[in-house]
Amino acid sequence: MSEPIAPATIAVLHLEDEPEDSRLISSTLVADGLPCEFVRVNDEPGFRAAIARGGFDIILADRSLPTFDGLSALGIARELCPDVPFICVSGFPGEELAIEALKNGAADYVLKQRLSRLGPAVRRALQEYRERATRRTADAEARTLEPQLRHSQKLEAVGQLAGGIAHDFNNLLTVINGYCERLLASVGEHAPMREDLDRIHNAGRRAATLTRQLLAFSRRQVLQPRVIELNTVVQGIDQMLRRVIGEQITMVTDLDPLLGATCADPAQIEQVIMNLAINARDAMPQGGILRIETSNIDVADAGAAPYGLKAGRYVSLLVGDTGHGMDEETLSHMFEPFFTTNELGKGTGLGLPTVYGIVMQSGGEVAVESTRGHGTTMRVFLPRVPPTLDHTVLPGQASTVARGTETLLLVEDEALVRELVREFLESAGYTVLDAPDAEAALLLAEANKHVIDLLVTDVILPRMNGADLSARVAALIPGMKTVFVSGYPGDAVFRDGSFDPRGTFLTKPFTRQVLTQKVREILDETPRAGVSVMVIDDDADIRRLLGHILRTAGYLVVETGSPSGVEGSDAARIDVVLADVVANPRSRLVLQRMRLEHPEAHIVLMAGAFGDRLLRDATELGMHATLQKPLNEQSVLAAVNDALKG
């Protein structure tokens with residue numbers, strides 16, 4: 001910020017009726033190292049006119065003039081230019097006169113007989129002016145930032161509350177969903193309680209989706225950051241976005257070809273783009289234009305930075321719409337969980353809070369511009385990093401075919417797609433049984449239950465979706481795994497949150513390499529003979545569920561309620577430790593003790609919510625994997641398998 005209060009040449013307004021006195025005072029200041037430009041006036045009209053013109057750094061005034069006086073001039077100056085320092089320079093000595101001038105706001109009272117005091121008095125007055133100006137600027141900035149700080153603190157408090165609720169709720173969901181899955185596997189398709197169990201299971205899955213969104217908002221989810229290019233991510237989901245927003249909305253992209261790289265979790269950035277696009281779609285019920293733009297942003301001076309950014313280099317993602325826009329009240333609440341302007345029953349109010357949480361956890365910022373009736377522009381800023389050769393392998397970029405000899409059950413209602421996928425798999429060495437619908441697939445599964453190793457199915461099928469088919473096949477062939485395939489996650493089965501394919505989902509179109517690598521990845525998630533797993537969780541129901549999952553998969557299981565619950569020879573034989581841990585100041589001590597007691601074991605941490613400190617401690621102490629609650633059979637077995645690979 002410039003400082004007009006300390007110019008190279010001081011502009012002085014001098015109220016003085018004696019020209020010789022004015023020249024003497026001017027030369028005194030110059031001799032004292034204070035170059036000045038004087039404007040002399042000798043009456044009230046001249047003084048008022050000079051004040052109106054402005055541009056003065058200090059006012060010097062004689063105490064007594066023929067038609068005017070210094071105290072009256074002081075009153076006028078305090079009214080019209082209160083910040084400009086005012087010094088009385090008078091030939092009339094007297095303590096009472098000086099006190100009266102100072103009480104009325106003068107910076108000092110200097111006698112003409114002692115002009116040696118004038119230079120220091122001017123310097124002090126200008127310094128005090130400078131300090132006052134600095135304080136005013138700081139106060140103004142504080143008043144501007146205070147609402148932002150309060151809003152940030154409110155979001156932080158809500159985030160901590162949401163993260164805590166999600167942590168506790170995930171423990172409950174692990175028990176509810178886990179035992180519900182066990183019951184579903186043990187009852188027949190036409191059992192009286194089957195429909196009730198399906199409803200419970202679907203509700204549990206929707207609840208799990210909500211807790212994941214809460215964790216995203218509270219910045220306590222586990223991210224897998226990699227060096228990525230935003231342009232590649234946007235292009236990778238372009239068709240998906242167009243399907244989701246519908247034909248009434250025109251999507252326009254403007255991607256900077258020179259865009260830099262950033263370090264973030266590619267799946268989470270896809271979620272950010274998808275949520276922003278859906279929010280824009282909902283703001284344009286009659287149609288409109290959705291803009292997606294990327295660019296590089298360099299901020300050299302944080303004080304002059306747009307949107308409150310710190311100094312640094314950023315990549316920017318802009319998502320704008322021509323919808324109905326938002327008023328100030330809506331803007332103040334838009335990132336709060338469960339706040340929504342949609343009608344009752346539409347949306348959860350977690351879309352934008354999820355965006356906020358992901359971006360902030362990734363070290364970025366979110367900025368919003370919106371006016372009622374004039375659309376909304378959302379900007380995401382992520383730190384720019386040097387490009388590396390270690391870019392994320394996005395769907396469609398895998399380069400090698402993963403081969404195998406297992407038998408696969410393929411279900412796809414589009415004949416051309418089914419033939420192509422079968423050709424992909426058979427050329428990689430697999431034996432393929434294919435079916436055009438769920439009914440035919442169930443007949444094949446019944447007849448070949450002892451040889452089928454994996455189900456590959458489209459999500460949307462006639463009369464029965466892929467998720468239900470997977471459950472039916474798993475009832476016929478316990479432990480059967482599934483790779484789900486779909487054209488885009490706008491399919492109806494995704495919308496209510498009841499279906500969560502996690503890492504077993506492939507988006508069409510895909511290459512032979514991507515398909516075979518996904519199939520190989522899922523097939524390889526099998527236990528190794530004789531592998532022992534210690535389950536540590538103070539919740540007996542969760543221990544029992546995890547023990548059942550692991551024993552069914554062929555692992556040897558030891559259960560305990562605390563890290564020191566099993567000692568001696570049994571503990572020495574542990575291959576994997578699956579341990580629940582709560583993010584608190586004692587968590588590092590717990591992790592250290594666990595590592596000391598099981599130095600050779602692969603350790604997998606479970607938690608309802610992971611904080612940055614817990615993740616940092618886990619990495620430093622050599623933990624092999626993390627497992628986010630709520631748990632299910634697939635996530636548990638995948639985490640144990642990943643730990644063994646590590």
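So that you can scan it fast, the table gives a plain yes or no per residue for (1) more than 13 Å from Val12 (Cβ to Cβ); (2) open to solvent by less than 80 Å² (accessible area, probe 1.4 Å); (3) out of contact with any Cys (no Cβ under 9 Å at 6 or more places or on another chain):
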site	(1), (2), (3)
Pro66	yes, no, yes
Gly70	yes, yes, no
Cys88	yes, yes, yes
Glu128	yes, yes, yes
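Can you confirm whether Cys81 is closer than 23 Å to Arg132 by Cα and either among the polar types (S, T, N, Q) or out of contact with any Phe, Trp or Tyr (no Cβ under 6 Å at 6 or more places or on another chain) (or both)? Yes; evaluated as a whole, the condition is true for this residue.
Condition first: under 23 Å from the mean Cα position of the chain (by Cα), of a type outside the set (S, T, N, Q) and either at pLDDT 75 or above or not in a loop (DSSP other than H, G, I, E, B) (or both). Can you find one or more residues in segment 630-642 that meet it? Yes, some residue in segment 630-642 is under 23 Å from the mean Cα position of the chain (by Cα), of a type outside the set (S, T, N, Q) and either at pLDDT 75 or above or not in a loop (DSSP other than H, G, I, E, B) (or both). Candidates in segment 250-269 are the residues that are under 23 Å from Ser486 (Cα atoms) and either surrounded by 20 or more Cβ atoms within 10 Å (Cβ to Cβ) or among the small types (Gly, Ala, Ser) (or both); of these, the one that is modelled with the highest pLDDT is Ile269. Sub-8 Å Cβ pairs linking a first residue in segment 120-143 that is of a type in the set (Lys, Arg) to a second residue that is at pLDDT below 80, at least 6 apart or interchain, are Arg130/Glu3; Arg130/Ile5; Arg130/Ala6, ordered by first then second residue. Annotation note: Cβ proximity below 8 Å between a residue of segment 316-345 that is at pLDDT 70 or above and a residue that is loosely packed, with under 14 Cβ neighbours inside 10 Å and not in a loop (DSSP other than H, G, I, E, B) (sequence gap 6+ or interchain) occurs for Ser316/Asn296.
Report yes if Gln224 is outside any strand (DSSP E or B), among the polar types (S, T, N, Q) and modelled with pLDDT of 85 or more, otherwise no. Against the criterion (outside any strand (DSSP E or B), among the polar types (S, T, N, Q) and modelled with pLDDT of 85 or more), Gln224 does not qualify.
Which one is least open to solvent (accessible area, probe 1.4 Å) among residues in segment 556-573 that are modelled with pLDDT of 80 or more and in contact with a Ser or Thr (Cβ under 7 Å, 6 or more places away or on another chain)? Top of the filtered list is Val558.
Of all residues in segment 572-596, those that are more than 20 Å from Ile542 (Cβ to Cβ) have Cβ atoms under 7 Å from Cβ atoms of residues that are at pLDDT below 75 and surrounded by 19 or more Cβ atoms within 10 Å (Cβ to Cβ), 6 or more apart or on another chain, in Arg588/Asp617; Arg593/Pro563. Taking the criterion of being part of a loop (DSSP other than H, G, I, E, B) and open to solvent by less than 40 Å² (accessible area, probe 1.4 Å), the residues of segment 72-86 that qualify are Cys81, Val84, Pro85.
All conditions in (1) open to solvent by 80 Å² or more (accessible area, probe 1.4 Å); (2) modelled with pLDDT of 90 or more; (3) not in a strand (DSSP E or B) hold for Arg40, with the sole exception of (3). Within segment 587-625, the set of residues being β-branched (Val, Ile, Thr) and modelled with pLDDT of 75 or more comprises Ile603, Val604. Evaluating Gly94 against the criteria (1) open to solvent by 50 Å² or more (accessible area, probe 1.4 Å); (2) among the small types (Gly, Ala, Ser); (3) at pLDDT below 85 leaves one unmet condition, (1).
The values are calculated or read from the model by the stated rules, or taken from the named source; none is laboratory data. It should be emphasised that the depicted structure is a prediction, and the values quoted were computed from it without experimental measurement. With ideal geometry, Cβ positions are generated from the backbone for all residues, glycine too; neighbour counts draw on all protein chains shown. What goes into the accessible areas is simple: the full protein's heavy atoms, side chains included, and nothing from ligands, DNA or RNA. Shrake-Rupley method; radii C 1.70, N 1.55, O 1.52, S 1.80 Å.
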